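Read-outs throughout are calculated quantities, based only on the coordinates presented, and are distinct from any laboratory measurement. This is a predicted model, so every value here is computed, not measured. Positions of Cβ are generated from backbone atoms using ideal geometry, with glycine treated the same way; all protein chains shown enter the neighbour counts.
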Amino acid sequence: MRPGHTLPILLAAALGCQAAPAKDTSAEAKQAIDAADANWARLTAAGHADSLAELYHANGVLLPPNMPPVHGREAIRAFMTTMNSMSTPPPILRVWAESVWASGPHALELGRWHFAWPATAKRPPGAPAADSGKYMVRWVNENGRWLMAQDIWNSDVALPQPKR
């Protein structure tokens, strides 16, 4: 074989060995994620930190606004427990996916959230009576179950301006 013919043969061999693209699992993932989002709101209202933490991958990362990252299911459980103890009764939360893209065992959800405390609730100091914003969650399908791997959210409400 002449030296000039080696590169095309190697390229053809490499391209022929590429894995097939991952299966589009968007519809299946969206259905499971919509169910998890509905469950999230029920679990929050009931103050179930343990059950909320089980929605995360064992090595999941929570990225709350204005706070350091929370790594791992046990730390997420502790975070949820603290959040649940900050107000009585808990806020009424609504979470919904605006879009879900999935390929094989990976999915990305973009969504919106809204919460409001009942008028009689004891809110955390400085917390607004209602808030809304957006979020992004990367999901992984582990043994047939979609789990949150990374979860980040932030508010659409502007931070209070410092007094001058």
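Counting only alpha carbon atoms, the long axis of helix 26-46 and the longest principal axis of the chain meet at about 20°. Bridgeable aspartates and glutamates around K122 (alpha carbons under 20 Å apart, same-chain partners fewer than 8 residues away excluded): D131. Quick check on segment 43-123: take the gyration tensor over C-alpha atoms, sort the square-rooted eigenvalues as a ≥ b ≥ c, and tell me if it's rounded (a/c under 1.5), prolate or oblate. Cα axes put segment 43-123 in the oblate bin.
Looking at segment 90-164, none of the GluC sites (Glu not before Pro) sits in a DSSP loop with at most 16 other Cβ atoms within 10 Å of its own Cβ.
Candidate cross-link partners of K30 among the lysines, defined by an alpha-carbon separation under 19 Å and a same-chain spacing of 8 or more, comprise K134. Helix 73-85: angle to the longest alpha-carbon principal axis of the chain, degrees 0 to 90, nearest 10? Between helix and principal axis, roughly 20 degrees. Computed over the chain, the per-residue total of -39500 (n - 2.57) for DSSP H runs of n ≥ 4 gives a 222 nm mean residue ellipticity of -9500 deg cm²/dmol, rounded to 500.
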